[in-house]
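Worksheet: the structure to be examined is printed underneath.
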Amino acid sequence: MKKLLKKIGLAIPTLGRRIGQLPLWPKIDCLVKERLRITHIKVRAWNLKLTEYCQPRLEKLVRKLSKNPNFSLTARATQIIVYVALYILLSLLWHFINGFLEDSKSHAARMRPVSVITSPVKLGQITVIQTALGTVTPRNTVTVHSQVGGTLSKVFFKEGDIVKTGQLLALIDPRAFEASLKQAQGTLDKDKALLSNAELDLKRYDTLLKQDSISHQVYATQKALVQQYKGNVLTDEGLVSNAKLQLEFAHITSPINGRIGLRLVDPGNLVQPSDASGLFVITQIQPTTVLFSVPQDVIPAFKKFLQQTPPPEVITNTEAPRAVTASARPDMPQDHKGRHSSKPTPEASASTPDNTETSSIAPEKVVIPVEAWNADNKKKLATGYLESIDNQIDITTGTVKLRAIFPNEDATLFPNQFVNVRVVLDVLSDVVVIPVPAVQRGTPGTFVYRLNESNSVSVVPVKLGPTDGDSVQVVDGLDAGNIVVVDGTDKLRNGAKVIVGQASGSTNAKGRWRDGQKQKNAAP
């Protein structure tokens, strides 16, 4: 290919030289020069005639306007004035003709029917939704600290595990606490033996005192010694309980159900209750909450939630007898450790008088559904309900905080995750709805193009309500059964003729309609 291009490049100059050496060219050159000379002579003659014709008339006109009888024009000045006047005249004529042609084209274009897509106006349902940006906030977050000092010997979990309340998570070296417990238990046993011996002596002294064999002072001293030993035993029991508690603190358990994070201290390190960082963090993920803020202007939309009836007041009956303590009630059950349970037996509950009465029945809580969507609003992550509203507005942002609770059974919501929140405030039924693409905005405000029976369109101002996806409510301006234009509105005007391409038959947006047309065209 390169050799061919090189040969062509060398052949072109040679061909040009051969064409230039032809005997025909001198004859053509002489003929062209003769024609140009004749044309030049004719133009000069026409220019001279035009100058002779216009010069006296221009001089006469100028003398008449300026009242100067001696005014005269040169031939050169006359030519310049005449040619400038001709240029201006031709420009005006061309502009007029061009404008006339454009007006004719635009008029024809305006009179040509415009192809449009329409949709009927129907009665439908609109879901009133308030959107906001929220943050997933765990319901409970606990930083677990050591309550006793010692060496962290063992860890019984893997980072990221789901833990239960009371599950053993870590162990601090318990040997020192076990030794303290044995020491306290030994002291308790010794003092119990001394107390037992002192009580036996007291019984003997009581018999001797009745026989008047000992003095009252000796008996009183022995009785005080018994009380002293009882106090020692009580102190020892407290020391034993404290030693057991310290040993229990060495076994670190989970305080809540949730997911445990990365451990902050590795086994083998010395931990103290004063450590600021703690050992690990547990976050509750089921259920979880989402915190989000809404503008203060939409607070009235939560009127049903804010004005719900407060819980009934509990009135205490002052004439009821005072409740006895658990230790004084023999019918209170005990657990396996000998502690009294808070749930009484059926016999006890039947015998216990009703000490309280309520003023009214608890009302049903107003439930406002809340949805959590991903960042691009294409996938719904979870569904919950509104739990609480803050009691004051943030003056720096003009917003109020709300908290929604989600069961989060499939753990799709992760702590500190950003989500798009949709709060379902109300559902409007049997309202006039139209597709969102049908709504236009311009000088009349918000309007639509309504299709008339004569296949023409009219501009109809409308008052809009809330929007739900591809549909919007029309509060005023349209009735059910009207037909509006949803596509092709850029070339429409009031009264324009239209050709209806295809009625969509529903309130879908034009994007969905086009997708459906593509699928139909692609189908065999």
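Is it true that some residue in segment 46-60 is closer than 30 Å to residue 493 by Cβ and acidic (Asp, Glu)?
Taking segment 46-60 first, the residues closer than 30 Å to residue 493 by Cβ are none.
No; the residues of segment 46-60 include none that is closer than 30 Å to residue 493 by Cβ and acidic (Asp, Glu).
Using the structure shown, decide if residue 264 is under 27 Å from residue 175 (Cβ atoms), part of a loop (DSSP other than H, G, I, E, B) and without any contact (Cβ under 8 Å) to a residue 60 or more places away in the chain.
Working: under 27 Å from residue 175 (Cβ atoms): yes; part of a loop (DSSP other than H, G, I, E, B): yes; without any contact (Cβ under 8 Å) to a residue 60 or more places away in the chain: yes.
Spelling it out, residue 264 is indeed under 27 Å from residue 175 (Cβ atoms), part of a loop (DSSP other than H, G, I, E, B) and without any contact (Cβ under 8 Å) to a residue 60 or more places away in the chain.
What about residue 252, is it buried (at least 17 other Cβ atoms within 10 Å of the Cβ) and among the β-branched types (Val, Ile, Thr)?
Details: buried (at least 17 other Cβ atoms within 10 Å of the Cβ): yes; among the β-branched types (Val, Ile, Thr): yes.
Yes; evaluated as a whole, the condition is true for this residue.
For residues in segment 128-143 being β-branched (Val, Ile, Thr) and touching a Ser or Thr at 6+ places or on another chain (Cβ under 7 Å), which is nearest to residue 163 (Cα to Cα)?
Start the filter on segment 128-143 by keeping residues that are β-branched (Val, Ile, Thr), which leaves 128-129, 131, 135-137, 141-143.
Checking the rest, the ones that are also touching a Ser or Thr at 6+ places or on another chain (Cβ under 7 Å) come to 136-137, 141.
Details: 136: 20, 137: 19, 141: 13 Å.
Ranking the candidates gives 141 first.
For the condition surrounded by 13 or more Cβ atoms within 10 Å (Cβ to Cβ) and in the same structural domain as residue 246 (by TED's automatic domain parsing), what is the one hit in 211, 185, 217? Quick ask: steps written out before the conclusion?
Details: 211 fails: surrounded by 13 or more Cβ atoms within 10 Å (Cβ to Cβ); 217 fails: surrounded by 13 or more Cβ atoms within 10 Å (Cβ to Cβ).
Of the residues listed, the single one that is surrounded by 13 or more Cβ atoms within 10 Å (Cβ to Cβ) and in the same structural domain as residue 246 (by TED's automatic domain parsing) is 185.
I'm told residue 377 meets every condition in (1) more than 20 Å from the chain's Cα centre (by Cα); (2) at pLDDT below 90 except one. Can you identify the failing condition by its number?
Tallying (1) more than 20 Å from the chain's Cα centre (by Cα); (2) at pLDDT below 90, residue 377 fails exactly one: (1).
Just to be sure, is residue 290 more than 18 Å from residue 143 (Cα to Cα) and modelled with pLDDT under 90?
On the way: more than 18 Å from residue 143 (Cα to Cα): yes; modelled with pLDDT under 90: no.
So residue 290 fails the test.
Out of 27, 67, 2, I need the residue that is exposed (fewer than 11 other Cβ atoms within 10 Å of the Cβ) and at positive phi. Which one? Break it down stepwise before answering.
On the way: 27 fails: at positive phi; 2 fails: at positive phi.
When all the criteria are applied, what remains is 67.
Per-residue answers, yes or no, for (1) within 23 Å of the chain's Cα centre (by Cα); (2) of a type in the set (S, T, N, Q); (3) more than 30 Å from residue 396 (Cα to Cα); (4) in a strand (DSSP E or B):
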site	(1), (2), (3), (4)
235	no, yes, yes, no
240	no, no, yes, no
243	no, no, yes, no
256	no, no, yes, no
277	no, yes, yes, no
286	yes, yes, yes, no
291	yes, no, no, yes
298	yes, no, no, no
301	yes, no, no, no
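A quick yes/no check of all residues on (1) farther than 20 Å from residue 429 by Cα; (2) free of Cβ contacts under 8 Å to residues at least 60 places away in the same chain:
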position	(1), (2)
461	yes, yes
473	no, no
478	no, no
482	no, no
485	yes, no
489	yes, no
493	yes, no
498	yes, no
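Go through the residues of segment 117-127 one by one and say whether even a single one is out of contact with any helix residue (DSSP H, G or I) (no Cβ under 8 Å at 6 or more places or on another chain), farther than 30 Å from residue 433 by Cβ and of a type outside the set (S, T, N, Q).
If we filter segment 117-127 for residues that are out of contact with any helix residue (DSSP H, G or I) (no Cβ under 8 Å at 6 or more places or on another chain), which is where we start, we get 118, 120-127.
Now restrict to residues that are farther than 30 Å from residue 433 by Cβ: none.
Checked segment 117-127: no residue is out of contact with any helix residue (DSSP H, G or I) (no Cβ under 8 Å at 6 or more places or on another chain), farther than 30 Å from residue 433 by Cβ and of a type outside the set (S, T, N, Q).
So if I check each of 148, 121, which one is outside the structural domain of residue 269 (by TED's automatic domain parsing) and either surrounded by 10 or more Cβ atoms within 10 Å (Cβ to Cβ) or touching a Phe, Trp or Tyr at 6+ places or on another chain (Cβ under 6 Å) (or both)?
On the way: 148 fails: outside the structural domain of residue 269 (by TED's automatic domain parsing).
Being outside the structural domain of residue 269 (by TED's automatic domain parsing) and either surrounded by 10 or more Cβ atoms within 10 Å (Cβ to Cβ) or touching a Phe, Trp or Tyr at 6+ places or on another chain (Cβ under 6 Å) (or both) holds for just one of 148, 121, which is 121.
For segment 168-177, does any single residue satisfy the condition of being assigned to a helix (DSSP H, G or I) and either over 18 Å from residue 150 (Cβ atoms) or aromatic (Phe, Trp, Tyr) (or both)?
Initially, segment 168-177 is screened for residues assigned to a helix (DSSP H, G or I), giving 175-177.
After this cut, where a residue has to be either over 18 Å from residue 150 (Cβ atoms) or aromatic (Phe, Trp, Tyr) (or both) as well, the list is 177.
Yes; the residues of segment 168-177 include at least one that is assigned to a helix (DSSP H, G or I) and either over 18 Å from residue 150 (Cβ atoms) or aromatic (Phe, Trp, Tyr) (or both).
Tell me the strands (runs of 3 or more DSSP E) entirely within segment 452-499 that contain at least 2 residues that are within 11 Å of residue 434 (Cα to Cα).
Working: elements: 457-461, 463-468, 471-476, 483-487.
Those strands (runs of 3 or more DSSP E) span 463-468, 471-476, 483-487.
Failed condition for residue 282, given (1) modelled with pLDDT under 90; (2) within 30 Å of residue 134 (Cα to Cα); (3) surrounded by 15 or more Cβ atoms within 10 Å (Cβ to Cβ), with all others met?
The number of the failed condition is (1).
Can you tell me how many residues within segment 228-277 are acidic (Asp, Glu) and in contact with a Leu (Cβ under 7 Å, 6 or more places away or on another chain)?
Step one: list which residues in segment 228-277 are acidic (Asp, Glu), which gives 236-237, 248, 266, 275.
From the residues that got through so far, the ones that are in contact with a Leu (Cβ under 7 Å, 6 or more places away or on another chain) too are 236-237.
Summing the residues that are acidic (Asp, Glu) and in contact with a Leu (Cβ under 7 Å, 6 or more places away or on another chain) in segment 228-277 gives 2.
So if I check each of 415, 435, 407, 444, which one is at pLDDT 90 or above, in the same structural domain as residue 474 (by TED's automatic domain parsing) and not β-branched (Val, Ile, Thr)?
Working: 415 fails: in the same structural domain as residue 474 (by TED's automatic domain parsing); 407 fails: in the same structural domain as residue 474 (by TED's automatic domain parsing); 444 fails: at pLDDT 90 or above.
That would be 435, the only listed residue that is at pLDDT 90 or above, in the same structural domain as residue 474 (by TED's automatic domain parsing) and not β-branched (Val, Ile, Thr).
For segment 418-451, what are the residues that are under 26 Å from residue 112 (Cβ atoms) and either among the hydroxyl-bearing types (Ser, Thr, Tyr) or not in a strand (DSSP E or B) (or both)? Don't jump to the end; show me each part of the working.
At the first step, the residues of segment 418-451 found to be under 26 Å from residue 112 (Cβ atoms) are 435, 437-444, 447-451.
Scanning segment 418-451 gives 437, 438, 439, 443, 444, 449.
Does residue 130 satisfy the condition of being in contact (Cβ under 8 Å) with a residue 12 or more places away in the chain, in contact with a strand residue (DSSP E or B) (Cβ under 7 Å, 6 or more places away or on another chain), exposed (fewer than 14 other Cβ atoms within 10 Å of the Cβ) and not in a loop (DSSP other than H, G, I, E, B)? Break it down into steps so the answer makes sense when it comes.
Details: in contact (Cβ under 8 Å) with a residue 12 or more places away in the chain: yes; in contact with a strand residue (DSSP E or B) (Cβ under 7 Å, 6 or more places away or on another chain): yes; exposed (fewer than 14 other Cβ atoms within 10 Å of the Cβ): no; not in a loop (DSSP other than H, G, I, E, B): yes.
It is false that residue 130 is in contact (Cβ under 8 Å) with a residue 12 or more places away in the chain, in contact with a strand residue (DSSP E or B) (Cβ under 7 Å, 6 or more places away or on another chain), exposed (fewer than 14 other Cβ atoms within 10 Å of the Cβ) and not in a loop (DSSP other than H, G, I, E, B).
The values are calculated or read from the model by the stated rules, or taken from the named source; none is laboratory data. If you're wondering where the values come from, they're calculated on a predicted model, not measured in any experiment. Virtual Cβ from ideal backbone geometry, glycine too; neighbours counted across all protein chains shown.
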